Amino acid sequence: EELGVSLASVDVVLGDTDLCPFDMGTFGSMSVRNLGPVLRAAAAEARAILVQMAAEKLAVNAADLEVKDGIVTSKSDRSKHVSYGELTAGKRIERRIDGNAALAAVANFTIVGRSAPRRDAIDKVTGRAKYAGDIVPTGALHARIVRAPAHGVQLTDVDTKAAEAVPGVRVIRDGELIAVLHEHRDEADKALQLVKATFGPAPSTLNNETVFANLEKTAPEGQTVAEGGNVADGEKSAVQVVAQKYLKGYVAHAPMETHSAVAAVGSDGRVTVWASTQTPFPLQTQVARALKLPTEKVRVITPYVGGGFGGKSASQQAIEAARLAVAAGKPVRVIWDRTEEFFFDTFDPATVINIRAGIDAGKKIVSWNYEVIGAGARGAQQFYDVANHKTVARGGWNANVNGMHPFGIGPWRAPGANANAFAREVHIDMLAQKAGMDSVEFRRLNLTKNARMLRVLNAAAEKFG
(Lines give C-alpha, C1' and ligand atoms only; values in the text may rest on other atoms or scores of the structure.)
Protein backbone atom coordinates (compact mmCIF):
# COMPACT_ATOMS: atom_id res chain seq x y z
CA GLU A 1 0.00 0.00 0.00
CA GLU A 2 2.71 2.50 0.94
CA LEU A 3 5.12 1.70 -1.89
CA GLY A 4 2.39 1.60 -4.52
CA VAL A 5 3.25 -1.86 -5.82
CA SER A 6 1.29 -5.09 -6.28
CA LEU A 7 1.21 -7.70 -3.54
CA ALA A 8 2.87 -10.22 -5.89
CA SER A 9 5.93 -7.98 -6.24
CA VAL A 10 6.75 -8.08 -2.51
CA ASP A 11 8.91 -10.85 -1.08
CA VAL A 12 9.19 -11.39 2.67
CA VAL A 13 12.41 -12.80 4.11
CA LEU A 14 11.75 -15.15 6.99
CA GLY A 15 13.82 -14.76 10.15
CA ASP A 16 17.54 -14.77 9.30
CA THR A 17 20.08 -13.08 11.53
CA ASP A 18 22.32 -12.32 8.51
CA LEU A 19 19.60 -10.75 6.37
CA CYS A 20 17.13 -9.13 8.77
CA PRO A 21 17.37 -6.24 11.25
CA PHE A 22 17.30 -7.23 14.92
CA ASP A 23 13.93 -8.36 16.18
CA MET A 24 13.05 -9.77 19.59
CA GLY A 25 10.82 -12.40 18.05
CA THR A 26 7.30 -13.30 17.06
CA PHE A 27 5.09 -13.41 20.16
CA GLY A 28 2.46 -11.47 22.04
CA SER A 29 0.36 -10.84 18.92
CA MET A 30 2.64 -7.87 18.30
CA SER A 31 3.44 -8.34 14.60
CA VAL A 32 0.65 -6.20 13.12
CA ARG A 33 0.19 -3.66 15.88
CA ASN A 34 3.89 -3.10 16.67
CA LEU A 35 5.72 -3.92 13.45
CA GLY A 36 2.96 -2.77 11.08
CA PRO A 37 3.37 0.98 11.74
CA VAL A 38 7.17 0.67 11.45
CA LEU A 39 6.92 -1.15 8.11
CA ARG A 40 4.39 1.40 6.83
CA ALA A 41 6.67 4.28 7.78
CA ALA A 42 9.71 2.60 6.21
CA ALA A 43 7.82 1.91 2.96
CA ALA A 44 6.50 5.48 2.88
CA GLU A 45 10.05 6.79 3.23
CA ALA A 46 11.21 4.45 0.47
CA ARG A 47 8.42 5.72 -1.77
CA ALA A 48 9.40 9.34 -1.06
CA ILE A 49 13.02 8.61 -1.97
CA LEU A 50 12.06 6.76 -5.16
CA VAL A 51 9.70 9.55 -6.21
CA GLN A 52 12.47 12.11 -5.64
CA MET A 53 14.83 10.00 -7.74
CA ALA A 54 12.15 9.82 -10.46
CA ALA A 55 11.70 13.59 -10.34
CA GLU A 56 15.42 14.05 -10.94
CA LYS A 57 15.47 11.52 -13.77
CA LEU A 58 12.34 12.83 -15.51
CA ALA A 59 13.19 16.49 -14.83
CA VAL A 60 9.78 17.24 -13.29
CA ASN A 61 8.55 18.38 -9.89
CA ALA A 62 8.03 15.54 -7.37
CA ALA A 63 4.55 16.91 -6.61
CA ASP A 64 3.62 16.18 -10.25
CA LEU A 65 4.33 12.44 -9.86
CA GLU A 66 2.11 9.53 -8.89
CA VAL A 67 2.89 5.86 -8.35
CA LYS A 68 0.93 2.80 -9.44
CA ASP A 69 2.21 -0.79 -9.63
CA GLY A 70 5.76 0.42 -9.15
CA ILE A 71 5.62 2.88 -12.08
CA VAL A 72 6.21 6.58 -11.34
CA THR A 73 4.32 8.74 -13.85
CA SER A 74 3.95 12.46 -14.45
CA LYS A 75 0.35 13.54 -13.95
CA SER A 76 0.74 16.41 -16.43
CA ASP A 77 2.63 14.47 -19.09
CA ARG A 78 1.77 10.73 -19.12
CA SER A 79 4.61 10.06 -21.57
CA LYS A 80 7.05 10.67 -18.75
CA HIS A 81 7.32 7.59 -16.55
CA VAL A 82 9.93 5.34 -15.00
CA SER A 83 9.74 2.13 -12.99
CA TYR A 84 11.23 1.50 -9.54
CA GLY A 85 13.41 -1.17 -11.16
CA GLU A 86 14.80 1.30 -13.71
CA LEU A 87 15.50 3.80 -10.94
CA THR A 88 17.37 1.39 -8.69
CA ALA A 89 18.98 -0.80 -11.39
CA GLY A 90 19.58 -3.52 -8.80
CA LYS A 91 21.77 -1.25 -6.67
CA ARG A 92 21.58 -0.62 -2.95
CA ILE A 93 20.08 2.85 -2.50
CA GLU A 94 20.86 4.82 0.64
CA ARG A 95 19.49 8.31 1.08
CA ARG A 96 18.47 10.17 4.18
CA ILE A 97 15.19 12.09 4.33
CA ASP A 98 13.48 13.86 7.20
CA GLY A 99 11.64 10.76 8.42
CA ASN A 100 8.25 12.39 8.08
CA ALA A 101 7.12 10.91 4.78
CA ALA A 102 3.34 11.11 4.46
CA LEU A 103 1.48 7.83 4.84
CA ALA A 104 -1.00 6.74 2.21
CA ALA A 105 -4.65 7.42 3.09
CA VAL A 106 -6.28 4.28 4.44
CA ALA A 107 -9.39 5.13 2.39
CA ASN A 108 -7.29 4.62 -0.74
CA PHE A 109 -5.99 1.17 0.24
CA THR A 110 -6.50 -1.50 -2.43
CA ILE A 111 -4.81 -4.52 -0.76
CA VAL A 112 -5.26 -4.35 3.02
CA GLY A 113 -8.65 -5.68 4.10
CA ARG A 114 -9.11 -7.83 1.00
CA SER A 115 -8.58 -11.57 0.69
CA ALA A 116 -5.60 -12.80 -1.33
CA PRO A 117 -4.36 -16.32 -2.04
CA ARG A 118 -1.67 -17.47 0.38
CA ARG A 119 1.73 -17.14 -1.22
CA ASP A 120 2.95 -20.33 0.51
CA ALA A 121 -0.16 -22.45 -0.13
CA ILE A 122 1.07 -24.47 -3.13
CA ASP A 123 4.47 -25.15 -1.58
CA LYS A 124 2.89 -26.33 1.65
CA VAL A 125 0.27 -28.64 0.16
CA THR A 126 2.77 -30.17 -2.29
CA GLY A 127 5.50 -30.64 0.30
CA ARG A 128 7.99 -28.27 -1.35
CA ALA A 129 7.97 -25.96 1.68
CA LYS A 130 11.06 -26.44 3.83
CA TYR A 131 10.86 -26.68 7.61
CA ALA A 132 13.89 -26.99 9.89
CA GLY A 133 13.64 -30.78 9.91
CA ASP A 134 13.79 -30.80 6.08
CA ILE A 135 17.25 -29.21 5.94
CA VAL A 136 19.87 -31.88 5.18
CA PRO A 137 23.43 -30.55 4.77
CA THR A 138 25.94 -32.95 3.21
CA GLY A 139 27.11 -35.55 5.70
CA ALA A 140 24.49 -34.63 8.30
CA LEU A 141 23.91 -36.98 11.23
CA HIS A 142 20.73 -37.54 13.24
CA ALA A 143 21.18 -37.10 16.98
CA ARG A 144 19.10 -38.99 19.53
CA ILE A 145 19.69 -37.65 23.01
CA VAL A 146 19.71 -39.55 26.28
CA ARG A 147 16.73 -38.07 28.13
CA ALA A 148 15.77 -38.17 31.79
CA PRO A 149 12.62 -40.18 32.61
CA ALA A 150 11.31 -37.45 34.94
CA HIS A 151 11.75 -33.72 35.42
CA GLY A 152 14.52 -32.63 37.74
CA VAL A 153 16.28 -35.99 38.07
CA GLN A 154 20.06 -36.34 37.93
CA LEU A 155 22.04 -38.81 35.82
CA THR A 156 24.04 -41.09 38.11
CA ASP A 157 25.53 -43.59 35.65
CA VAL A 158 25.57 -44.28 31.90
CA ASP A 159 26.94 -47.16 29.78
CA THR A 160 27.17 -46.46 26.03
CA LYS A 161 29.41 -49.40 25.01
CA ALA A 162 26.65 -51.36 23.23
CA ALA A 163 25.59 -48.30 21.24
CA GLU A 164 29.17 -47.49 20.28
CA ALA A 165 29.57 -51.01 18.87
CA VAL A 166 26.86 -50.42 16.23
CA PRO A 167 28.41 -49.68 12.80
CA GLY A 168 28.07 -46.03 11.84
CA VAL A 169 27.09 -44.88 15.33
CA ARG A 170 28.97 -42.12 17.13
CA VAL A 171 28.44 -41.29 20.79
CA ILE A 172 29.01 -37.70 21.89
CA ARG A 173 29.37 -36.63 25.51
CA ASP A 174 29.44 -32.88 26.13
CA GLY A 175 28.93 -32.37 29.85
CA GLU A 176 25.37 -33.35 30.70
CA LEU A 177 24.53 -33.72 26.99
CA ILE A 178 24.86 -37.33 25.82
CA ALA A 179 23.75 -38.34 22.34
CA VAL A 180 24.04 -41.15 19.80
CA LEU A 181 24.48 -40.06 16.18
CA HIS A 182 23.91 -41.89 12.91
CA GLU A 183 23.31 -41.02 9.28
CA HIS A 184 19.85 -42.61 9.48
CA ARG A 185 17.24 -41.67 12.07
CA ASP A 186 15.96 -45.23 12.60
CA GLU A 187 19.48 -46.51 13.28
CA ALA A 188 20.04 -43.72 15.78
CA ASP A 189 16.73 -44.66 17.45
CA LYS A 190 17.88 -48.28 17.79
CA ALA A 191 21.26 -47.24 19.17
CA LEU A 192 19.60 -45.02 21.76
CA GLN A 193 17.74 -48.05 23.10
CA LEU A 194 21.11 -49.73 23.77
CA VAL A 195 22.28 -46.96 26.11
CA LYS A 196 21.95 -47.93 29.78
CA ALA A 197 21.36 -44.80 31.86
CA THR A 198 20.60 -44.62 35.57
CA PHE A 199 18.97 -41.60 37.17
CA GLY A 200 18.32 -40.52 40.74
CA PRO A 201 14.82 -40.21 42.21
CA ALA A 202 12.40 -37.52 41.01
CA PRO A 203 12.25 -34.55 43.39
CA SER A 204 8.55 -33.95 42.81
CA THR A 205 5.71 -36.08 44.15
CA LEU A 206 2.93 -33.96 42.64
CA ASN A 207 0.12 -35.45 40.60
CA ASN A 208 -3.04 -34.22 38.86
CA GLU A 209 -4.92 -34.01 42.16
CA THR A 210 -2.28 -32.42 44.40
CA VAL A 211 -0.77 -29.89 42.02
CA PHE A 212 -3.43 -27.25 42.74
CA ALA A 213 -2.99 -27.40 46.51
CA ASN A 214 0.75 -27.06 45.91
CA LEU A 215 0.14 -23.90 43.88
CA GLU A 216 -1.86 -22.31 46.68
CA LYS A 217 0.79 -23.33 49.24
CA THR A 218 3.93 -22.29 47.34
CA ALA A 219 2.87 -19.24 45.31
CA PRO A 220 4.50 -15.96 46.35
CA GLU A 221 2.66 -13.26 48.24
CA GLY A 222 -0.03 -11.63 46.18
CA GLN A 223 0.23 -8.31 44.37
CA THR A 224 -2.87 -6.15 44.09
CA VAL A 225 -3.27 -5.30 40.41
CA ALA A 226 -6.65 -3.54 40.59
CA GLU A 227 -8.69 -2.15 43.50
CA GLY A 228 -11.56 0.19 44.17
CA GLY A 229 -13.92 0.92 47.05
CA ASN A 230 -14.15 -1.61 49.89
CA VAL A 231 -15.00 -5.23 49.11
CA ALA A 232 -16.24 -5.99 52.65
CA ASP A 233 -18.55 -2.99 52.66
CA GLY A 234 -19.87 -3.91 49.24
CA GLU A 235 -20.65 -7.46 50.33
CA LYS A 236 -22.75 -6.13 53.23
CA SER A 237 -25.23 -4.73 50.72
CA ALA A 238 -25.40 -8.00 48.75
CA VAL A 239 -28.48 -10.23 48.82
CA GLN A 240 -26.68 -13.03 46.98
CA VAL A 241 -23.00 -14.00 47.31
CA VAL A 242 -21.30 -16.55 45.06
CA ALA A 243 -17.88 -17.98 45.94
CA GLN A 244 -16.15 -20.42 43.62
CA LYS A 245 -12.70 -21.94 43.03
CA TYR A 246 -11.69 -22.47 39.38
CA LEU A 247 -8.93 -24.90 38.38
CA LYS A 248 -7.07 -25.07 35.09
CA GLY A 249 -4.48 -27.76 34.38
CA TYR A 250 -1.24 -27.62 32.44
CA VAL A 251 -1.64 -27.35 28.67
CA ALA A 252 0.82 -28.39 25.95
CA HIS A 253 1.32 -26.45 22.73
CA ALA A 254 1.10 -29.62 20.60
CA PRO A 255 2.34 -28.11 17.31
CA MET A 256 2.21 -30.27 14.19
CA GLU A 257 5.96 -29.76 13.76
CA THR A 258 7.97 -30.77 16.80
CA HIS A 259 10.95 -28.69 17.97
CA SER A 260 13.56 -29.19 15.24
CA ALA A 261 16.98 -27.79 14.40
CA VAL A 262 19.97 -28.46 12.18
CA ALA A 263 23.43 -27.05 12.88
CA ALA A 264 26.56 -26.99 10.74
CA VAL A 265 30.05 -25.56 11.27
CA GLY A 266 31.68 -23.89 8.27
CA SER A 267 35.34 -24.05 7.32
CA ASP A 268 35.74 -20.60 8.85
CA GLY A 269 34.38 -21.82 12.18
CA ARG A 270 31.10 -19.98 11.70
CA VAL A 271 28.05 -21.90 12.95
CA THR A 272 24.80 -21.90 10.98
CA VAL A 273 21.64 -23.09 12.70
CA TRP A 274 18.36 -23.75 10.90
CA ALA A 275 15.77 -23.75 13.66
CA SER A 276 12.04 -23.97 14.21
CA THR A 277 11.96 -20.93 16.45
CA GLN A 278 9.91 -17.81 17.12
CA THR A 279 13.01 -15.93 18.32
CA PRO A 280 15.99 -16.19 15.91
CA PHE A 281 17.98 -13.27 17.34
CA PRO A 282 17.71 -14.28 21.01
CA LEU A 283 18.58 -17.82 19.88
CA GLN A 284 21.68 -16.51 18.10
CA THR A 285 22.81 -15.06 21.43
CA GLN A 286 22.02 -18.29 23.30
CA VAL A 287 23.94 -20.44 20.82
CA ALA A 288 26.91 -18.07 20.89
CA ARG A 289 27.02 -18.22 24.68
CA ALA A 290 26.72 -22.02 24.72
CA LEU A 291 29.60 -22.33 22.25
CA LYS A 292 31.59 -19.43 23.75
CA LEU A 293 31.61 -17.63 20.40
CA PRO A 294 30.97 -14.00 19.45
CA THR A 295 27.44 -13.56 18.09
CA GLU A 296 28.72 -12.67 14.62
CA LYS A 297 30.11 -16.21 14.39
CA VAL A 298 26.57 -17.63 14.64
CA ARG A 299 23.85 -17.38 12.00
CA VAL A 300 20.29 -18.49 12.73
CA ILE A 301 17.95 -19.15 9.82
CA THR A 302 14.25 -19.74 10.44
CA PRO A 303 12.47 -21.62 7.65
CA TYR A 304 8.72 -22.19 7.86
CA VAL A 305 7.58 -22.97 11.41
CA GLY A 306 4.91 -25.64 11.75
CA GLY A 307 3.14 -24.14 14.73
CA GLY A 308 4.57 -22.34 17.73
CA PHE A 309 1.83 -20.72 19.84
CA GLY A 310 4.48 -19.42 22.28
CA GLY A 311 6.16 -22.81 22.68
CA LYS A 312 8.92 -22.11 20.21
CA SER A 313 10.12 -19.00 22.02
CA ALA A 314 12.45 -21.41 23.84
CA SER A 315 14.71 -23.35 21.47
CA GLN A 316 16.56 -25.97 23.51
CA GLN A 317 16.79 -28.26 20.48
CA ALA A 318 18.81 -25.70 18.52
CA ILE A 319 21.38 -25.31 21.27
CA GLU A 320 21.63 -29.11 21.46
CA ALA A 321 22.18 -29.34 17.69
CA ALA A 322 24.85 -26.62 17.75
CA ARG A 323 26.78 -28.20 20.62
CA LEU A 324 26.68 -31.62 18.98
CA ALA A 325 27.71 -30.27 15.56
CA VAL A 326 30.80 -28.65 17.07
CA ALA A 327 31.65 -31.83 19.00
CA ALA A 328 31.04 -34.15 16.04
CA GLY A 329 32.66 -31.98 13.38
CA LYS A 330 29.68 -32.68 11.12
CA PRO A 331 26.23 -31.17 10.61
CA VAL A 332 23.76 -32.49 13.18
CA ARG A 333 19.96 -32.73 13.02
CA VAL A 334 17.94 -32.71 16.26
CA ILE A 335 14.26 -33.41 15.64
CA TRP A 336 12.29 -34.10 18.79
CA ASP A 337 9.88 -37.01 18.67
CA ARG A 338 6.37 -36.62 20.00
CA THR A 339 7.35 -37.86 23.48
CA GLU A 340 10.13 -35.28 23.75
CA GLU A 341 7.78 -32.57 22.49
CA PHE A 342 5.23 -33.24 25.22
CA PHE A 343 7.90 -33.62 27.89
CA PHE A 344 10.48 -30.89 27.28
CA ASP A 345 8.37 -28.12 25.80
CA THR A 346 7.16 -25.49 28.24
CA PHE A 347 3.54 -25.69 29.41
CA ASP A 348 0.79 -23.18 29.97
CA PRO A 349 0.81 -23.16 33.78
CA ALA A 350 -1.77 -24.82 35.96
CA THR A 351 -3.86 -22.18 37.69
CA VAL A 352 -6.12 -21.68 40.69
CA ILE A 353 -8.59 -18.78 40.60
CA ASN A 354 -10.71 -17.87 43.63
CA ILE A 355 -13.65 -15.51 43.10
CA ARG A 356 -16.15 -14.21 45.64
CA ALA A 357 -18.75 -11.74 44.39
CA GLY A 358 -22.15 -10.39 45.45
CA ILE A 359 -25.21 -8.79 43.85
CA ASP A 360 -27.76 -6.49 45.47
CA ALA A 361 -31.57 -6.42 45.21
CA GLY A 362 -31.29 -4.44 41.97
CA LYS A 363 -29.17 -7.25 40.47
CA LYS A 364 -26.11 -5.05 40.33
CA ILE A 365 -22.70 -6.47 41.21
CA VAL A 366 -21.73 -4.77 44.48
CA SER A 367 -18.59 -6.73 45.43
CA TRP A 368 -15.87 -8.56 43.55
CA ASN A 369 -12.92 -10.27 45.24
CA TYR A 370 -10.60 -12.02 42.79
CA GLU A 371 -7.39 -14.00 43.36
CA VAL A 372 -5.42 -15.67 40.56
CA ILE A 373 -2.59 -18.09 41.38
CA GLY A 374 -0.15 -19.19 38.70
CA ALA A 375 -1.52 -17.56 35.53
CA GLY A 376 -0.58 -13.95 36.22
CA ALA A 377 -2.65 -10.78 35.99
CA ARG A 378 -3.09 -10.56 32.23
CA GLY A 379 -6.82 -10.33 31.56
CA ALA A 380 -7.63 -10.55 35.29
CA GLN A 381 -8.88 -6.99 35.83
CA GLN A 382 -12.65 -7.03 35.51
CA PHE A 383 -14.34 -4.26 33.53
CA TYR A 384 -17.89 -4.40 34.87
CA ASP A 385 -19.57 -1.64 36.92
CA VAL A 386 -18.33 -2.73 40.35
CA ALA A 387 -17.50 0.01 42.81
CA ASN A 388 -16.07 -2.39 45.41
CA HIS A 389 -13.49 -4.69 43.87
CA LYS A 390 -10.03 -6.13 44.40
CA THR A 391 -7.88 -8.26 42.09
CA VAL A 392 -4.78 -10.01 43.43
CA ALA A 393 -2.23 -12.04 41.42
CA ARG A 394 0.16 -14.57 42.95
CA GLY A 395 2.85 -15.71 40.52
CA GLY A 396 2.88 -15.16 36.76
CA TRP A 397 2.59 -17.34 33.67
CA ASN A 398 6.38 -17.24 33.23
CA ALA A 399 7.36 -17.26 36.91
CA ASN A 400 8.23 -20.62 38.44
CA VAL A 401 9.20 -19.55 41.96
CA ASN A 402 9.22 -21.53 45.21
CA GLY A 403 8.81 -24.80 43.29
CA MET A 404 5.29 -23.82 42.20
CA HIS A 405 5.56 -25.93 39.06
CA PRO A 406 7.41 -29.26 38.66
CA PHE A 407 8.54 -28.45 35.09
CA GLY A 408 9.01 -25.58 32.67
CA ILE A 409 6.17 -23.14 32.03
CA GLY A 410 5.84 -20.36 29.51
CA PRO A 411 3.63 -18.50 27.04
CA TRP A 412 0.67 -20.34 25.51
CA ARG A 413 -1.83 -18.47 23.34
CA ALA A 414 -2.57 -15.25 25.27
CA PRO A 415 -0.89 -16.44 28.48
CA GLY A 416 -2.88 -15.74 31.64
CA ALA A 417 -5.78 -14.18 29.78
CA ASN A 418 -7.09 -17.57 28.70
CA ALA A 419 -7.59 -18.68 32.31
CA ASN A 420 -8.67 -15.31 33.68
CA ALA A 421 -11.26 -14.58 30.99
CA PHE A 422 -12.77 -18.05 31.43
CA ALA A 423 -13.07 -17.85 35.23
CA ARG A 424 -14.38 -14.28 35.24
CA GLU A 425 -17.07 -14.86 32.62
CA VAL A 426 -18.22 -18.18 34.10
CA HIS A 427 -18.59 -16.41 37.44
CA ILE A 428 -20.62 -13.67 35.76
CA ASP A 429 -22.86 -16.40 34.34
CA MET A 430 -23.32 -17.82 37.85
CA LEU A 431 -24.26 -14.39 39.20
CA ALA A 432 -26.76 -13.99 36.35
CA GLN A 433 -28.30 -17.33 37.27
CA LYS A 434 -28.64 -16.24 40.91
CA ALA A 435 -30.25 -13.02 39.69
CA GLY A 436 -32.66 -15.01 37.52
CA MET A 437 -31.58 -13.09 34.42
CA ASP A 438 -30.49 -13.91 30.91
CA SER A 439 -26.68 -13.81 30.97
CA VAL A 440 -26.41 -11.22 28.18
CA GLU A 441 -29.00 -8.92 29.79
CA PHE A 442 -27.25 -9.30 33.16
CA ARG A 443 -23.98 -8.23 31.56
CA ARG A 444 -25.64 -5.24 29.89
CA LEU A 445 -27.10 -4.18 33.24
CA ASN A 446 -23.63 -4.30 34.80
CA LEU A 447 -21.67 -2.92 31.86
CA THR A 448 -22.78 0.67 31.32
CA LYS A 449 -19.48 2.51 31.85
CA ASN A 450 -17.18 0.62 29.47
CA ALA A 451 -18.46 1.51 26.00
CA ARG A 452 -15.86 -0.57 24.20
CA MET A 453 -16.65 -3.80 26.03
CA LEU A 454 -20.37 -3.14 25.70
CA ARG A 455 -19.90 -2.92 21.92
CA VAL A 456 -18.00 -6.22 22.01
CA LEU A 457 -20.78 -7.85 24.03
CA ASN A 458 -23.52 -6.56 21.73
CA ALA A 459 -21.63 -7.58 18.60
CA ALA A 460 -21.04 -11.07 19.96
CA ALA A 461 -24.68 -11.46 21.03
CA GLU A 462 -25.91 -10.27 17.64
CA LYS A 463 -23.62 -12.56 15.64
CA PHE A 464 -24.30 -15.54 17.91
CA GLY A 465 -28.05 -14.95 17.82
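The values are calculated or read from the model by the stated rules, or taken from the named source; none is laboratory data. Quantities reported herein were computed from a predicted structural model and do not represent experimental measurements. Quick reminder, even Gly has a Cβ in these numbers, built from the backbone with ideal geometry, and neighbours come from all protein chains shown. Heavy atoms of the whole protein, side chains included, go into the accessibility calculation; ligands, DNA and RNA do not. Shrake-Rupley method; radii C 1.70, N 1.55, O 1.52, S 1.80 Å.
At-a-glance table
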| quantity | calculated |
| --- | --- |
| Region 397-442: number of residues that are open to solvent by less than 50 Å² (accessible area, probe 1.4 Å), in contact with a helix residue (DSSP H, G or I) (Cβ under 8 Å, 6 or more places away or on another chain) and among the polar types (S, T, N, Q) | 1 |
| Candidates GLY133, GLY139, filtered to the one that is in a loop (DSSP other than H, G, I, E, B), within 22 Å of GLY266 (Cα to Cα), small (Gly, Ala, Ser) and open to solvent by less than 50 Å² (accessible area, probe 1.4 Å) | GLY139 |
| Residues of region 38-66 satisfying the condition of being within 16 Å of ALA105 (Cβ to Cβ), open to solvent by 60 Å² or more (accessible area, probe 1.4 Å) and in contact with a Leu (Cβ under 7 Å, 6 or more places away or on another chain) | ARG40 |
| In region 67-110, the residues that are open to solvent by 70 Å² or more (accessible area, probe 1.4 Å), under 23 Å from VAL38 (Cα atoms) and in contact with a Ser or Thr (Cβ under 6 Å, 6 or more places away or on another chain) | ASP69 |
| Helices (runs of 4 or more DSSP H) fully within region 151-262 counting 3 or more residues that are within 35 Å of the chain's Cα centre (by Cα) and touching a residue at least 60 places away in the same chain (Cβ under 8 Å) | 211-218 |
| Neighbours by Cβ (under 6 Å, 6+ apart or cross-chain): first from region 61-83, at positive phi; second modelled with pLDDT of 95 or more and of a type outside the set (A, V, I, L, M, F, W, C) | GLY70/SER83; GLY70/TYR84 |
| Elements of type helices (runs of 4 or more DSSP H) in region 395-465, at least 2 residues being within 18 Å of ASN354 (Cα to Cα) and within 23 Å of the chain's Cα centre (by Cα) | 417-435 |
| Among (1) over 26 Å from the mean Cα position of the chain (by Cα); (2) farther than 24 Å from ALA327 by Cβ; (3) open to solvent by less than 80 Å² (accessible area, probe 1.4 Å); (4) touching a residue at least 40 places away in the same chain (Cβ under 8 Å) - the single one VAL146 does not satisfy | (2) |
| Index of the failed condition, ALA232 passing every other in (1) under 30 Å from GLN433 (Cα atoms); (2) open to solvent by less than 30 Å² (accessible area, probe 1.4 Å); (3) hydrophobic (A, V, I, L, M, F, W, C) | (2) |
| Residue check, LYS390 assigned to a strand (DSSP E or B) and open to solvent by 20 Å² or more (accessible area, probe 1.4 Å) | yes |
| Condition check for ARG444: in contact with a Pro (Cβ under 9 Å, 6 or more places away or on another chain), within 23 Å of GLY229 (Cβ to Cβ) and of a type in the set (D, E, K, R) | no |
| Single residue of region 443-452 satisfying the filter (of a type outside the set (Val, Ile, Thr) and open to solvent by 70 Å² or more (accessible area, probe 1.4 Å)) that is nearest to ALA361 (Cα to Cα) | ARG444 |
| Of residues in region 10-37 being in a helix (DSSP H, G or I) and either in contact with a helix residue (DSSP H, G or I) (Cβ under 6 Å, 6 or more places away or on another chain) or open to solvent by less than 70 Å² (accessible area, probe 1.4 Å) (or both), the one nearest to LYS91 (Cα to Cα) | GLY36 |
| Per-region count, region 87-115, residues part of a helix (DSSP H, G or I) and out of contact with any helix residue (DSSP H, G or I) (no Cβ under 8 Å at 6 or more places or on another chain) | 3 |
| Members of region 365-387 found to be of a type in the set (D, E, K, R) and surrounded by fewer than 19 Cβ atoms within 10 Å (Cβ to Cβ), listed by number | ASP385 |
| Yes/no for ALA243 being open to solvent by 40 Å² or more (accessible area, probe 1.4 Å) and either in contact with a Gly (Cβ under 9 Å, 6 or more places away or on another chain) or modelled with pLDDT under 95 (or both) | no |
| Residues satisfying the stated conditions in region 353-384, i.e. in a strand (DSSP E or B) and hydroxyl-bearing (Ser, Thr, Tyr) | SER367, TYR370 |
